[in-house]
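One structure below.
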Amino acid sequence: MVEALRGLTSPARLTPAALVTGLVLLLTTGITLGVLVGPWLVWLDTAPSLKHFAQQPTLRPLALSLWTAGASTALAAWATNLILARTMHTPRHHGWLASALGWALATPHLAFALALGWLIAPTGWLWRVISQSTDWPQQPLDWTITHDPFGFTLIAVLFFKELPFLLWVGLAEWQRPDQQLSWHRQWSAAQTWGYSPWRAWKLAVAPDLWTRLRWPTVAVWAYGMGVVDVAMAIGPTTRPTAAVQAWRWINDANPDIQHSGFVLSLWLSGLVAGGAFVMARAPWRALSLVPLAQAPQRHKPVSWWWMKAIAKAPASVAALYVVLLALSAILSLSLWWPFPQVWPSSWSTRAWATVAQSADVVVTTLSLAVLSTATSMLMMAAWFEAAPKRWFSLTHAWALAWLICPPLMWLWGVYQLALMVNLQGTWSAVFIGHVLAVLPYVVLTLGPTYASFDDRYTQAAATLGHGYWSQRWQVKWPMMAGPLWRAAAIGFAVSVAQYLPTQWLGGGRIATLTTEALSQSSGGQRNISAAWALAQWVLPMLVFVWSTRRAKRHNPKPTLSKQTGLNSSV
Amino acid sequence: MKQPPSQTRTSAQLGSRRLFLQRSLALATVPFGAHALAAPTPWAQTLEQSRGQTVYFNAWGGSDRINAYIQWAAQSLKRSQQINLVHVKISDMAQTVARIQQELARGNTDGTVDMLWINGENFVQLKRAQGLWGPFTQNLPHMRWVDVVGKPTTTIDFGEPTDGLEAPWGMAQLSFFADERRLPTAPKNTAEWLSLAKAQPGQLSYPQPPDFHGTTWLKQWLLQLAPDTQALYKPWTAAAFERATQPLWQYLDALHPFLWRQGRQFPQSAAQMRELVADQALLIGVTFNPNEASSEIAAGRLPPTVRTFQMEGGTIGNTHFLAIPANARAPQAAQVVIDFLLSPEAQAHKADIRVWGDPTVLDLNALSPADRAAFASPDAPGGLQSPQPALAEPHASWVQPLEDAWSRRYAA
Amino acid sequence: MSLKLHIDHLTSPNTRLLQGWQFDVAAGEITTLMGPSGCGKSSLLLAITGLLPDDFSWQGRVWLNQREITTLPTHQRRVGLMFQHDALFAHMNVHDNLLYATPAAPMSERKASVRRALADVELSEAITLFPDQLSGGQRTRIALMRALLARPEALLLDEPFSALDAHLRERVRARVFAMIRQARIPALLVTHDPQDIASPERVLHWPKAATDTTEPHV
């Protein structure tokens, strides 16, 4: 600790970085404390009664949340496992997969959910196609497909959105050079013992891989539990998930009901933490016990049909994304599109005219995204520059904890703080909320980059007579340009997709593409809804493409071979 | 959201029209009420002070046409008065009411809301909590054109006198619309609704309370089914509630299995219902604006065979209002905005079915012939064929218990 | 011009590497420092340049041309360091790598000195290539030119030829020594390979008695 502090104050690292670092430390500590302690203080201050909460059936919303989040996480993990096992055969597909995954990741959850709704709802495009080709159904079926009470559609949306994420993280782990070789060797060795490729995967690679992927899986679980906008767009309405129920109560006029919302979100956070603990501690290595229990069956033919199906899976998911994008585009340009027409009866650009009229919404979204991403990156770059490498894992852990905490919880505290300084309903409060939302993602993407950067480059620059700033501007940061741009793109996408911070801290006065898309989706006019959803979709997409281009330009092969750094097997 | 309540015209009130007139005029001339934050200034001064100010107008944003109208108003105000009118789109007025009360509790004088589109129990709640700025309607030059005599609900809101704390904006009456081709004969009463539902299951529904359309649908059915409607106009008591709602719950229990999604899921708004009608998933849509179907046909979003109808005996009608919170940052500018919205020009534009189609609160006979001509709109298909009388809104205190009871029974 | 060194102690996280030593290196002289691998030679070089990691510690003083540089930050010491691996910047081509090292001057002058340096090592055609397109020997020569272009007042070399094949090592070594002597600056070469000795009369051996433990581990 003493050495670390001494390191911080050594001449080469003093003024700018250490000051900002100190500021960041204070800020985040303050906000964390405020967030955790604030609501309790308010609670003690106003001493509301728990009468309302006691009367409400809270078991059902919590159970529903557990079910939807748990099922979608488990499905996504299972599918990831299968797909990764399959792509072991064909590593040349990895390039295509990686770039396709990037596109999928840049898609906001809400736009995807709305578009899927337009596809599979009884009045949706899928049923129109069926109606045209088979003459049934004549009228929209009275089936509860979207907003179904058990959340199956919600699970589907979460699954299709989280699968690319887990795949992407899995691929990233896979592509680490030392990892890939050792896993491949073990997998091949297992096959020489008579295990089929699939069993060999389960024996040799899966336990190790999933031990590394456990924190991303926890993040997926936490998101599924805490999500509000997607659940409102496509999840159950009359008896909603716990997050939606808590959000509804928080927005009520009655203070007692508001505090019921707080208590419910406490319960929700407790469940998330419990699940996270179980998943983190789970003996993933036990996955290898299953194939071990079965003796290798040398002569059993490998069933290829389902392997082929798995191989097609990524392409099918990608196709789904493309179909939904196209559907949204057509919908946004339609005027009168009754059931069971497959194409719109009349077209109009009126929906886009409405969007264009509200250009200030786009400007607000852009300004929030760009500034919050820039601020987060500056803060974290300053932190990583000044902090000793030993602290990186701590920072990583903090970011994960923040990510796992449901937004409902920490937004409570930020809102109370905003009320205290009379910032509620202003752009500044929303900006702070967005910075806090983007920060963990920036940490998780910048951290490994900083950890794996070889300091000998900056040392060389120093011996050539270049000072602190020149070392960074001309050597270090250009070398990290790829990951830096990627982190910026991710931060941008995260900010654009934020719903709760904007609504809660902005008091409804700050409108972004996401809030508009959600409010329009219940407003009934599908073409306007589609226009907003598409706008929300396209913006991070464009930024993602642009940043990928820039990242590709700066893609040097490192000259120093022995890369040291933190083993980020968190 | 609790939408602006509708004024009703019962036979009892028709007889005491003069009393209402006298009372409202008296109230309008009371410059200072218990609301000590009010300090009326001469109108020219108000206009001067309000130049360049920004007014945050919290209003329901669920209808594209209404949003477009508010944009038009904002543009006009920017041109003529240099006032920035910002439409804060909300889905539930109760949230805004909550926020205002929170701010007032903190002694906040710099509120986030300058103007509200409000009525009914929300108005009553704010008024009782001293949360409204004013009285101010007596300051507005255009207030004198409002038809307080012919439309008594412009001064009495869900049984509560407005006391000059809110200005009437438009008239509303619960109406229904359906495609003639799919529904040749419209149901006229609750019994016919039930038989229609049984004949064509899965084709009827109503918006989920507490959406204000849904709540009003519920109130309408309550009025039709309650044994003693007089009790509904008196303040709520648990015993009266039990007695009055028992037939309603029986009816709904019988009706729900034949509704869309078997009554387990409800459309979230009237606008969503309209989309479902357009998609032929539902037979009948709900609206507060008797001209809505005409507007939608004109905009090409409904087929021209859609017709509007009301229930025999009358449907609930009311006025919706504009008010200013007590801690508004720009009350002067808010007054100017409200005055503009009461002008014949703005009211005529609002009543135009190509724009919004919302009926006006002004007394057309009191206007100059030129102004009156602006209200003449061509006959449009889809309009209301046989208008029914507007029924009085039940007392404001009945709304919350009704919504809670419905939620407990059907949404818990 | 000379480099003078006075060391009280040099300590790694685990052991004491050096206790009380001093020596100096004269201008134009290439002093070879020999010692078993792991004894701390590289750490000594890092200490001289001011790049010693936080968990190491050392006490001592360094003079360069009668100017004490012990407390100066690295980039102000004017001491060059050639690493075991060349540490060329992968995102810059050869020209920019070398340009980066040239001291402040009008741009045309700097570019001219880059071209001269490349001509000196007969690598002018590599001017637009990137480091990953060069061979090992080419990279070592470029790295040396880069270190010399910065006009250091002393040059430290940390086993710079160990990455090269045997037959290449001879040629590159001779070239490197010729250039250093031409530049007339003191140079300290650290190696464990006796073949790398520049001049037999200036060889220093790592003091054996200075270590506490028997088997130093680095």
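The values are calculated or read from the model by the stated rules, or taken from the named source; none is laboratory data. Note that this is a predicted model, so its numbers are computed, not measured. Positions of Cβ are backbone-derived with ideal geometry, glycine not excepted, and every protein chain shown enters the neighbour counts.
The conditions of being under 27 Å from C:L5 (Cα atoms), within 14 Å of chain A (Cβ to nearest Cβ) and loosely packed, with under 15 Cβ neighbours inside 10 Å are not met by C:S135. Please verify whether the range A:504-512 includes one or more residues that are over 24 Å from B:L276 (Cα atoms) and under 18 Å from the mean Cα position of the chain (by Cα). The answer is no, given that none of the residues of the range A:504-512 is over 24 Å from B:L276 (Cα atoms) and under 18 Å from the mean Cα position of the chain (by Cα).
Here's the yes/no breakdown for (1) closer than 27 Å to B:E275 by Cα; (2) facing chain A (nearest Cβ under 10 Å); (3) outside any helix (DSSP H, G or I):
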position: B:A59; (1), (2), (3): yes, no, yes
position: B:S76; (1), (2), (3): no, no, no
position: B:A94; (1), (2), (3): yes, yes, no
position: B:W117; (1), (2), (3): yes, no, yes
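Under the condition of being surrounded by fewer than 22 Cβ atoms within 10 Å (Cβ to Cβ) and either more than 7 Å from every other protein chain (Cβ to nearest Cβ) or in contact with a strand residue (DSSP E or B) (Cβ under 8 Å, 6 or more places away or on another chain) (or both), the residues counted in the range A:459-470 number 4. The residues of the range A:503-515 that are within 9 Å of chain B (Cβ to nearest Cβ) and out of contact with any Lys or Arg (no Cβ under 8 Å at 6 or more places or on another chain), listed by number, are A:R509, A:T515.
Within the range B:253-312, the residues that satisfy the criterion of being part of a loop (DSSP other than H, G, I, E, B), buried (at least 21 other Cβ atoms within 10 Å of the Cβ) and either touching a helix residue (DSSP H, G or I) at 6+ places or on another chain (Cβ under 6 Å) or more than 13 Å from every other protein chain (Cβ to nearest Cβ) (or both) are B:P267, B:L282, B:F288, B:N289, B:P290, B:N291, B:L302, B:Q310, B:M311.
Exactly one residue out of A:L203, A:L209, A:L158 is at pLDDT 85 or above and in contact with a Ser or Thr (Cβ under 8 Å, 6 or more places away or on another chain): that is A:L158. Residues in the range C:79-104 that are modelled with pLDDT under 90 and surrounded by fewer than 17 Cβ atoms within 10 Å (Cβ to Cβ): C:P103, C:A104.
Tallying residues that are buried (at least 22 other Cβ atoms within 10 Å of the Cβ) and more than 7 Å from chain A (Cβ to nearest Cβ) within the range C:46-78 yields 7. When A:S72, A:S99 are checked against the criterion of being modelled with pLDDT of 95 or more and either of a type outside the set (D, E, K, R) or crowded, with 18+ Cβ neighbours inside 10 Å (or both), A:S72 stands alone in meeting it.
Of the residues examined, B:D228 is one that is of a type in the set (D, E, K, R), away from chain A (no Cβ under 14 Å) and more than 22 Å from the chain's Cα centre (by Cα). Considering only residues in the range A:269-293 that are within 17 Å of A:A204 (Cβ to Cβ) and surrounded by 11 or more Cβ atoms within 10 Å (Cβ to Cβ), the one that is modelled with the highest pLDDT turns out to be A:W284. Criterion applied to C:T128, C:T140 was being away from chain A (no Cβ under 13 Å) and within 24 Å of A:M479 (Cα to Cα), and the one residue passing it is C:T128. When the range B:357-377 is filtered for residues that are assigned to a loop (DSSP other than H, G, I, E, B) and in contact (Cβ under 8 Å) with a residue 40 or more places away in the chain, the ones remaining, listed by number, are B:G357, B:D358, B:P359, B:T360, B:V361, B:D363, B:L367. Taking the range A:363-398 as the range and being surrounded by fewer than 15 Cβ atoms within 10 Å (Cβ to Cβ), more than 23 Å from A:T512 (Cβ to Cβ) and more than 14 Å from every other protein chain (Cβ to nearest Cβ) as the test, the residues that pass are A:L394, A:A397.
Scan the range B:167-190 for residues that are farther than 16 Å from B:W217 by Cβ and either more than 13 Å from the chain's Cα centre (by Cα) or not in a strand (DSSP E or B) (or both) and the total you get is 7. Taking the criterion of being surrounded by fewer than 24 Cβ atoms within 10 Å (Cβ to Cβ) and either without any contact (Cβ under 8 Å) to a residue 60 or more places away in the chain or of a type in the set (A, V, I, L, M) (or both), the residues of the range B:91-106 that qualify are B:A94, B:Q95, B:A98, B:R99, B:Q101, B:Q102, B:L104, B:A105, B:R106. Those residues that are without any contact (Cβ under 8 Å) to a residue 60 or more places away in the chain and small (G, A, S), I need them from the range B:241-280; list them, please. Matches in the range B:241-280: B:A244, B:A278. With respect to (1) within 22 Å of the chain's Cα centre (by Cα); (2) under 30 Å from B:R409 (Cα atoms), the lone exception for B:A197 is condition (1). Here B:Y56 clears all of (1) within 19 Å of B:D211 (Cβ to Cβ); (2) modelled with pLDDT of 90 or more except the condition numbered (1). Scanning the range A:413-426 for residues that are modelled with pLDDT of 80 or more, within 14 Å of chain B (Cβ to nearest Cβ) and part of a helix (DSSP H, G or I) yields a count of 2. Do we have B:T109 as of a type in the set (S, T, Y) and without any contact (Cβ under 8 Å) to a residue 60 or more places away in the chain here? So B:T109 does not fit the description; no. Scan the range A:124-170 for residues that are part of a helix (DSSP H, G or I) and in contact (Cβ under 8 Å) with a residue 24 or more places away in the chain and the total you get is 24. Scanning the range A:331-362 for residues that are over 30 Å from A:V129 (Cα atoms) and more than 14 Å from chain B (Cβ to nearest Cβ) yields one hit, A:V362. Scanning the range C:79-91 for residues that are part of a loop (DSSP other than H, G, I, E, B) and facing chain A (nearest Cβ under 7 Å) turns up C:F83, C:H85, C:D86, C:A87, C:L88, C:F89, C:A90, C:H91.
Check the range A:170-186 and report whether any residue there is within 25 Å of the chain's Cα centre (by Cα), of a type outside the set (D, E), closer than 20 Å to A:Y441 by Cβ and at pLDDT 80 or above. Scanning the range A:170-186, I find at least one residue that is within 25 Å of the chain's Cα centre (by Cα), of a type outside the set (D, E), closer than 20 Å to A:Y441 by Cβ and at pLDDT 80 or above, so the answer is yes. Report, by residue number, each residue of the range A:472-494 that is at the interface with chain C (Cβ under 8 Å from one of its Cβ atoms) and not aliphatic (A, V, I, L, M). A:Q474, A:P478, listed by residue number. Filtering the range B:325-377 to residues that are in contact with a Leu (Cβ under 7 Å, 6 or more places away or on another chain) and of a type in the set (D, E) leaves only B:D339. Inclusion of C:V190 among residues that are of a type outside the set (G, A, S), in contact with a Ser or Thr (Cβ under 8 Å, 6 or more places away or on another chain) and assigned to a helix (DSSP H, G or I) is not warranted.
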